[in-house]
Amino acid sequence: MSRQLRIDPIACTGHGLCAELFPERISLDDWGYPLIESGELSAELSEHAQRAVASVSAVAAKRHR
Amino acid sequence: MMLAAQQFPRLLAGLVPGATMSFANHQLIHGPMDLSRHGRAASEHPLLLEIERAGLRGYGGAGFPSATKIAAVAAQQGRPVVVINAMEGESLSGKDMLLIRHLPHLVLDGAIAIAMALRSDRILLAFDSGAAGARRAVERAIAERPERGTPGFPEIVGAPLGAAYLTGQETALVAALNGKAAKPTLTPPYPFERGVSGRPTLISNTETFAQIALIVRHGATWFRGLGSERAPGTRLVTVGGAVARPRVVEVPGGTTVRRLLDASGGVTESLQGLLVGGYAGTWLPPEAIDLALDPLELSEYGASLGPGIVFALGESACPVAEVAAATAWLHRESAGQCGVCINGLGAISAALLELCDDGYHSGSYGEIERWCGLVSGRGACALPDGAAAFVSSAMATFRAEFEQHARHGHCDACLDRRVLPLAGQELLAPRPSRRLVAA
Ligand SMILES: Cc1cc2nc3c(=O)[nH]c(=O)nc-3n(C[C@H](O)[C@H](O)[C@H](O)COP(=O)(O)O)c2cc1C
Ligand code: SF4
């Protein structure tokens, strides 16, 4: 099952925690807000993604339509 | 009598400047609306098929196929609400207020036909409470409707709202109609799923409903009888800037920019650029005057007509100062909810304003285009995307002027002229009064 990370831009406070938890796919822009690199997640990456989703309420995993 | 086969203008037929058309005159000009077929399930409703065949696309800015949107509402559980979006937060546009103030029954006809097809019991007409004459026109038009109170017909309610650029954005509009602050919300849920009072909600632009009123009467083949294959029917365009008579004109789809400008009295000075689509639109060089307002032709320039706006920038204005002022305005109009709006648009706007200063330059000019790329698609709504397109197309079209300002600071025109209208701000030069007449 393919999943994609999504940020809720209204809830996001630019804390940067998500990028710390999942640096493989999340970087921060000039102002500290997350930029998500898309692409399939391997099993190992999925674990990191799950960590970010679990810890940061503005990050959600969306199933691909 | 009904409209003759291909009479023109269509929407603006019988318009008397300064007057609101009565229901009786409206019926005389357009004929009655036959809603007798309106007993079927919405998804296979003949009107829906007709709208699809007509190729009707919404006139609120995004140009989304109307039939798809109506069908999405029809497929939901629960009784839908129909919302007429007459907020017209875009200060370069005048068409929606023209329809509401002068031809409200065309708009109400379309909304009633759609509400009945969707078995909706409620139509909300959302408009700017501060627009001169709007409230009176809306109240009178609603009171004049003969269907009022008839079982089986939807109730029509005027909803005057405090206007701001964002109030017309659909999720912000739903929030405002639900009694909350007019700020966009995260989607999904989309308004078609959960909107006003939590019910499935169809939100369309004022002109979209007016066009539907004509499709109900004359059908898709008639609708496509004017305009081009890709831009069927007619549409309203607000023409402003360096033209003799800024106004709203009705034109067949696919008309050239030049014909629009001619219909507005012609240009008053040589042009340095054209803004197509408004503050979420695209700047094009003067050569674009011979472009057809055709979605495909415009898209080759990354442009679209948006809510139907063409603004001609004359030689005497400074494009850098105009774009800087408009961008600062867009930044202030943002809901300030998302990082990209607060910071990204803020940085872009500050860097642009700096170009019109005469003192210290931080050198952030070189970052503007990258920042435009960075803010697009990352807010909860499309405001930053529109602003970014507006700014980056300006920088491409007026490259020499931007470079000049980056090196030498402000020019003379920066200081003493401002021609782009921004709600709540005075222009720096007198603007000819806007007459609203059909061409
Ligand atoms: C910042 C912003 C402002 C908008 N303002 C308006 C508006 O004033 N009037 C309008 O009809 N649509 C406006 N829209 C578009 C609406 O969200 C919506 O797409 C439109 O009302 C749908 O109508 P249509 O399908 O008939 O085009 C705005 C969109 C954005 C992103
Ligand atoms: S993108 Fe900007 S205008 Fe849109 S919701 Fe976010 S902060 Fe508000």
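A few comments on the model shown:
- Inter-label distance, B:Glu52 to B:Arg79: 2.7 nm, where each label sits 7 Å from its Cα along the C-beta direction.
- Cα convex hull of the range B:234-314 - mean projected area over all directions, nm²: 4.2
- Sum of side-chain charges, B:Ala394 neighbourhood, beta-carbon under 12 Å (Lys, Arg +1; Asp, Glu -1): -2
- Sequence-distant residues sharing a close amide H with B:Thr255 (under 5 Å, placed H): B:Leu293
- Residues B:Thr150 and B:Ala396, FRET efficiency given R0 of 41 Å [Cβ-Cβ distance, rounded to 0.05]: 0.15
- MRE, 222 nm, helices only [DSSP H, n ≥ 4, -39500 (n - 2.57), over chain A, to nearest 500]: -8000 deg cm²/dmol
- Legend: P(r) of the range B:371-422 from all alpha carbon pair distances, 5 Å bins from 0, whole percents, reading 4, 17, 17, 22, 19, 13, 7, 1.
- Radius 13 Å from Cβ of B:Ala413, net charge of other residues (Lys, Arg +1; Asp, Glu -1): -4
- In sequence order, the range B:67-83 has phi-based couplings of 4, 4, 5, 5, 5, 5, 5, 4, 7, 7, 7, x, 7, x, 10, 10, 10 Hz under the Karplus curve 6.51 cos²θ - 1.76 cosθ + 1.60, θ = phi - 60°, and Gly or Pro positions carry x.
- Net charge of neighbours whose Cβ lies under 9 Å from the Cβ of B:Met33, counting Lys and Arg as +1 and Asp and Glu as -1: -1
- Divided by 2.2 N^0.38 Å, where N counts the residues, the Cα radius of gyration of the protein assembly as shown comes to 1.01.
- Here chain A yields Rg over Rh of 0.93, to two decimals, using C-alpha coordinates and the Kirkwood radius.
- Relative packing of peptides B:294-307, B:200-213 - highest average C-beta neighbours within 10 Å first: B:200-213, B:294-307
- The label-point distance for B:Thr68 and B:Cys411, in a model that sets each label 7 Å from Cα toward Cβ, rounds to 4.1 nm.
- Spin-label model distance (nm) - A:Ser46 vs A:Gln4, 7 Å beyond Cα toward Cβ: 1.8
- In Å, descending, principal axis extents of the Cα set of chain B: 69, 43, 38
- Taking each residue as 0.36 nm, the span from B:Asp358 to B:Thr268 lengthens on full extension beyond its C-alpha to C-alpha distance by 29.4 nm.
Read the figures in this text as sums done on the coordinates, not as results from a lab. None of the values given here were measured: they were computed from a predicted structure. As a convention, Cβ positions derive from the backbone with ideal geometry for all residues, glycine included, and neighbour counts pool all protein chains shown.
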